[in-house]
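**Q** Please see the structure below; I have some questions.
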Amino acid sequence: MSEDVDALVELTFAVQGAVAAVAAEHDVTVAQLRLLGILRDHEPTMAQLGAHLGLDKSSVSGLVDRAQRRGLVIRSAGAHDRRVVHVQVTDAGRELSARGAAAVEARLGTLLAALDPADRAALVAAARRLVAQR
């Protein structure tokens, strides 16, 4: 494995580890934490959630079912097509999402603190370009 790829894999492990630790601290799965993060600013359909999370229909249904049982999300029928189901975050889900986001920011902020401002800006710009390629 090249040094570049190795460094990216190690960075990915560090970020995933931080997110997994925050999820565990808040008694949710990483997938539930991601779900709540998406729902902070959007009310997607189940199909849109699946596409965003890279999950099939049954996996999205199970994820939303578990979050709904915990009172973190609700489902609602589409206004123009009742077959379309939208997912909305509840107040409890929004609060948990905010606490989780703050904890992730704190953990990753510690990681980023090792970089000077120019290196940090370069890393962010490069990360955005890489993610945009997906």
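All of the numbers you see were taken from the coordinates with simple rules; none came from a lab. A quick note: this is a predicted structure, and the numbers were derived from the prediction, not measured.
**Q** For the chain, just list the percent of Cα-Cα distances falling in each 10 Å bin from zero outward, please.
**A** Percent of pairs per bin, in order: 11, 35, 32, 17, 5, 0.
**Q** What are the membrane-span-like helices in the chain by this rule: whole DSSP H runs, Cα extent along the axis at least 27 Å, mean Kyte-Doolittle hydropathy at least 0.0?
**A** Helices passing the filter in the chain: 3-25, 91-112.
**Q** State, as an integer percentage, the relative contact order of the chain based on alpha-carbon contacts under 8 Å between residues 6 or more apart.
**A** 24 percent
**Q** Further, regarding this structure: Hey, can you grab everything whose amide H is under 5 Å from the amide H of Val73? Only 5+ residues off in sequence or another chain; H modelled, so Pro and N-termini drop out.
**A** Placed amide hydrogens put Gln68, Thr90 under 5 Å from Val73.
**Q** Show the residues, 5+ positions off or on another chain, whose built amide H is closer than 5 Å to the amide H of Val84.
**A** Residues meeting the criterion, in which the H sits 1.01 Å from N, are Gly78.
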